[in-house]
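So the structure is just underneath, and the comments pick up after that.
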Amino acid sequence: MRVAIAGGGSVGTAIAADLFANGHEVLVLEQDPELVERLRPTLGVTWIAADACEVSSLDAAGLATVDVVVAATGDDEDNLVISLLAKQEFAVPRVVARVNHPKNQWLFNESWGVDVSVSTPQLLTALVEEAVSVGALVRLLQFEGGAAHLVEITLAEDSPANGMAIADLAFPRDGVVVAVVREVLLSGDEVLVLSTADTEDAVHTLFIRD
């Protein structure tokens, strides 16, 4: 997955680091050239010194080729402009925007090109991966200091669980399906599972064909 992140502050770099560590191709646009030069050697992602609110800068960065845009600057107005340009000018499939001030939450909607609005780096990362990951296990939340995770799997067509009843799956003792729409699983279903860290591999095997 190719992801463009607008904003190289603490939130943007946290998201970039997480996504890069998970094997995604990450591009970070930051308007402060000194910050870009300082951070360029640290994360392994592609850095571009540019104003993400300018169409020409986004075009030069190749925004038309990305799967997801994350507007993660510290300014809500900038994030709205970036979201609108990404959606209307470059038809980016998924736009995720950071909301800095709760009073502005109502503005972050489809009218401004925003598919999802969030306020924390961890949730932002999870939502980006959830949006485009089919046949992959995505961690949404963690509990008990990381000992338990709420994970989501969107079933691919070749999933071992495709066409099976949940009752027929050899589910691990420390894992439980927490959201069920119907008894028989089909490709495209989104399955939420609460599991311990030790049983994630077993959950992965049940739902995902490597």
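The values are calculated or read from the model by the stated rules, or taken from the named source; none is laboratory data. None of the values given here were measured: they were computed from a predicted structure. Every residue, glycine as well, gets a Cβ built from its backbone with ideal geometry; the counts of neighbours run over all protein chains shown.
Quickly run through region 91-105 and pick out the residues that are modelled with pLDDT of 95 or more and either within 18 Å of GLY9 (Cα to Cα) or small (Gly, Ala, Ser) (or both).
ALA91
Within the group VAL66, VAL55, which residue is under 11 Å from ILE5 (Cβ atoms) and either of a type outside the set (Phe, Trp, Tyr) or in contact with a His (Cβ under 8 Å, 6 or more places away or on another chain) (or both)?
Just a single option satisfies the conditions, and that option is VAL66.
Anything in region 25-47 that is surrounded by fewer than 20 Cβ atoms within 10 Å (Cβ to Cβ) and either within 15 Å of VAL3 (Cα to Cα) or among the small types (Gly, Ala, Ser) (or both)? List them, or say none.
Listed by number, the residues that qualify are GLU25, LEU43, GLY44, THR46.
What about ALA21, is it within 19 Å of the chain's Cα centre (by Cα) and more than 18 Å from VAL118 (Cβ to Cβ)? Even if it seems obvious, please write down each step before you answer.
Details: within 19 Å of the chain's Cα centre (by Cα): yes; more than 18 Å from VAL118 (Cβ to Cβ): yes.
Considered against the rule, which asks whether it is within 19 Å of the chain's Cα centre (by Cα) and more than 18 Å from VAL118 (Cβ to Cβ), ALA21 comes out as yes.
In this structure, does VAL193 turn out to be part of a strand (DSSP E or B), at pLDDT 60 or above and over 30 Å from GLY9 (Cβ atoms)?
Spelling it out, VAL193 is indeed part of a strand (DSSP E or B), at pLDDT 60 or above and over 30 Å from GLY9 (Cβ atoms).
Exactly one condition in (1) exposed (fewer than 14 other Cβ atoms within 10 Å of the Cβ); (2) at pLDDT 95 or above; (3) under 20 Å from the mean Cα position of the chain (by Cα); (4) not aliphatic (A, V, I, L, M) is not met by GLN88; state its number.
Every listed condition holds for GLN88 apart from (3).
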